[in-house]
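The next block holds one structure in the form of structure tokens; read it before the comments.
What follows draws every value from the coordinates through simple rules; no lab data is involved. Computed from a predicted structure; not experimentally measured. Cβ atoms come from the backbone with ideal geometry, glycine included; neighbour counts cover every protein chain shown.
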Amino acid sequence: MDRPEEYQITLLIAIGTVGMLVLAIAIVVFMVFYQKKMIREQLKRTQLEYDHQQRLMQAELESQENERRRLAADLHDSIGGMLSAIRVGLSTLSKLSPEANIEQTKQMLDDTIASVRRISRDLMPSTLERFGLFHAIREVCERFSATTQLPIHFYEQGEVTGLDKSKELMLFRITQECINNTVKHAQATEMIVGIVAAPESLTIVAEDDGVGFDIEEQRNVKRKGLGLFSIENRANLLGASIDFERDRKKGTRVTIIMPLKHEQQA
Amino acid sequence: MTLKTFLVTAHLAPSLTAVGLLLFLIRYRAKQDYIKLLGLLLVASIIATAGQFLLFEVKITPNYASSIYYILELPLLATIYYQATNRTIPKTSVVVISAVYVLLGFWNLLFIQKQGINSYTLVVESIIIIFYALYYFYWLIEKLPTTQLHRLPMFWLNSAWIFFFSGNLFFFVFISYLVNVEKNDLLVYWTLHNILKAIEVLMIVSALWIDLRNIKSPS
């Protein structure tokens, strides 16, 4: 490499090559870091959207429950009260006019008062607010069992105190929906509902010996599966996992496990 | 830089290519389309290398084998990029660019640089591949097909090609001048070229290894 021109060309090639290599490596490194950053941003956006959806769902459910509470109160206080007053008036009338045959009318009125109370209780179970989740679920099991002739066995283990009222209500609604589904669709001869409070979690199990169902099929069918949708929604809001046992030979078993954070344990 | 060093580096890339071909043949049917095209490229590379040695033995310039390989390399690479980007590159552009390149390549081989090193073809190929490589990175950022870039074989292939063609571009540009004007034997340059080629093939082998791992344990 004696000639200066040759030296210059060699230098140019060396600088050019090194420059291009550095540029290529820089592009690759930039790619890696930029892609990681893009993915982080995307995950953040997805999480924000998810949180927003959760908040919307929460607000919708709260609004629904508030409306139910109002309806239940109106039914119980206004209509229930008026019907009771009518009942008293009829009793007085039957005493004053023994010949008037109003037994059938009184029976119809008693049935109507019972229906109004039942509807009011279904809309907003007062047992839940007064005695807590375990009692409310036991009561709904007993009530469904009495009205539908389907034996529903309830068991409980442990106790949870200090659970947020809204969470209790959601757990109650999930259980109520599971029992409702069994009664309407399962053709079961028996049902078991259990609630187990462990130090770290609360588990609700609803099991029947009916015909079972395909979870994926139910999710895909329009207009049906709304109960399933509301169960899954509520479970998501609670941060609970929900398992529809798929590999059962017969019947259905739904397990909801809600992690307990900061709630007091008994 | 000695002839011995040059010869050692000259054997590196073909040896690694053979390893790559072996990796390619394992679970061949399960591989994606662009990996199958890569296999074809590896086979072509080995045939070209064998052709060079054969032509050297019969005292014919080995440049013919390598020139034909470089002409056929670009259409294969272009098709690999076309498949790897889920066909977002317009098919017409891939066909037209490849066709024009092949025609110019053969024109250069037959009438311009002939039995010499077809550096004009190499320069054009390098520029086109660098553009394809940059497009692929842009496509990766746009589509974000995976959170784990290091598990994407095409990422390694693309890095190999952008590294190799960028590193050799200036060398290809000045080959003709160095040979015809400076009468340089290019020993140093070809040795460095061989080293870059070996690194390129090593990255291709890594891509094939990652592809095999992905097939065996997808996640």
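Give me the one-decimal nm value for the distance between modelled label points at A:TYR50 and B:LYS59, 7 Å along each residue's Cα-to-Cβ direction.
In this crude label model, A:TYR50 to B:LYS59 measures out at 7.4 nm.
What 222 nm value per residue comes from the helices of chain A, counting each DSSP H run with n ≥ 4 as -39,500 (n - 2.57) and dividing by all residues, nearest 500 deg cm²/dmol? Let's see the in-between values first.
Numbers: 8 runs with 167 residues, N = 266.
Result for chain A, helices only: -21500 deg cm²/dmol.
Per DSSP H run of at least 4 residues, take -39500 (n - 2.57); add these up for chain B, divide by its residues and hand me the 222 nm value, nearest 500 deg cm²/dmol.
So the calculated ellipticity at 222 nm is -27500 deg cm²/dmol.
Assuming R0 = 60 Å, can you tell me the calculated FRET efficiency for the pair B:VAL95 and A:ARG118, based on Cβ-Cβ distance, to the nearest 0.05?
Values: r = 75 Å, r/R0 = 1.25.
Taking R0 as 60 Å, the efficiency between B:VAL95 and A:ARG118 is 0.20.
Across the protein assembly as shown, what fraction of all alpha-carbon pairs, as a whole percent, falls in each successive 20 Å bin from zero upward?
17, 30, 19, 19, 11, 3, 1
With chain A treated as a Gaussian network of Cα nodes joined by springs under 10 Å, which of A:VAL140, A:VAL32, A:VAL18 yields the largest mean-square fluctuation?
A:VAL18
Averaged over A:22-29, how many beta carbons belonging to a partner chain fall within 10 Å of each residue's beta carbon? Write down the numbers at each step before the final one.
Numbers: counts 2, 4, 11, 5, 0, 8, 9, 1.
Per-residue shielding by partner chains comes out at 5.
Please average, across the residues of B:141-151, the number of beta carbons from any other chain that are within 10 Å of each residue's own beta carbon, and give a whole number. The partial results should precede the final answer.
Values: counts 6, 1, 0, 5, 1, 2, 6, 2, 6, 1, 0.
Mean partner-chain Cβ count within 10 Å for B:141-151: 3.
Top mean-square fluctuation among A:SER115, A:SER91, A:SER230, Gaussian network model of chain A, C-alpha springs under 10 Å?
Among A:SER115, A:SER91, A:SER230, the largest GNM mean-square fluctuation belongs to A:SER91.
Please list the three semi-axes, largest first and in whole Å, of the ellipsoid equivalent to the stretch B:112-219, using sqrt of 5 times the eigenvalues of its alpha carbon gyration tensor. Before the final figure, lay out the partial values.
Working: eigenvalues 229, 48, 18 Å².
After scaling each eigenvalue by five and taking roots: 34, 15, 10 Å.
Between A:MET31, A:MET20, A:MET191, where does the largest GNM mean-square fluctuation fall for chain A, given springs only between Cα atoms within less than 10 Å?
A:MET20
Kindly work out what percent of the DSSP beta bridges joining two residues of chain A are antiparallel, to the nearest 5. Working shown, then result.
Numbers: 21 of 27 bridges.
Here the share of antiparallel DSSP bridges comes out near 80 percent.
Applying 1/(1 + (r/R0)^6) with R0 = 35 Å to the Cβ-Cβ distance of A:TYR34 and A:THR255, what FRET efficiency is obtained, to the nearest 0.05? Intermediate values should be presented prior to the final figure.
Values: r = 43 Å, r/R0 = 1.24.
Efficiency at R0 = 35 Å is approximately 0.20.
Rg(Cα) of chain A divided by 2.2 N^0.38 Å? Walk me through the numbers on the way to the answer.
Values: Rg = 31.9 Å, N = 266, 2.2 N^0.38 = 18.4 Å.
Here the Cα radius of gyration is 1.74 times the empirical estimate.
I need the fraction of alpha carbon pairs in the stretch A:53-196 separated by more than 24 Å, rounded to a whole percent.
Details: 4876 of 10296 pairs.
Within the stretch A:53-196, distances greater than 24 Å cover 47 percent of Cα pairs.
To test your reading of the geometry: what angle, between 0 and 90 degrees and rounded to tens, separates the Cα axis of helix A:226-238 from the longest principal axis of chain A?
60
Looking only at the protein assembly as shown, where both bridge partners belong to it, what percent of the DSSP beta bridges are antiparallel (to the nearest 5)? Mind dumping the intermediate values first?
Numbers: 21 of 27 bridges.
Antiparallel: roughly 80 percent of the beta bridges in the protein assembly as shown.
Can you give me the angle between helix A:133-148 and the longest principal axis of chain A, using Cα atoms only, in degrees from 0 to 90, rounded to the nearest 10?
Orientation of helix A:133-148: about 60 degrees from the principal axis.
So for the stretch B:3-213, considering every pair of alpha-carbon atoms, how many percent are separated by more than 26 Å?
Values: 7504 of 22155 pairs.
Value for the stretch B:3-213: 34 percent of Cα pairs lie more than 26 Å apart.
Within the stretch A:37-78, whose backbone N sits under 11 Å from a point 7 Å along Cα→Cβ of A:ALA146?
none
Which entries of B:LYS59/B:LYS114; A:LYS37/B:LYS143; A:LYS44/A:LYS167 have Cα-Cα distances beyond 18 Å here? Walk me through the numbers on the way to the answer.
Numbers: B:LYS59/B:LYS114 16 Å; A:LYS37/B:LYS143 14 Å; A:LYS44/A:LYS167 27 Å.
Beyond 18 Å: A:LYS44/A:LYS167.
What base-10 log of the normalised intensity I(q)/I(0) is obtained for the stretch A:1-124 from the Debye formula, alpha carbons as equal point scatterers, at q = 0.13 Å⁻¹?
-0.80
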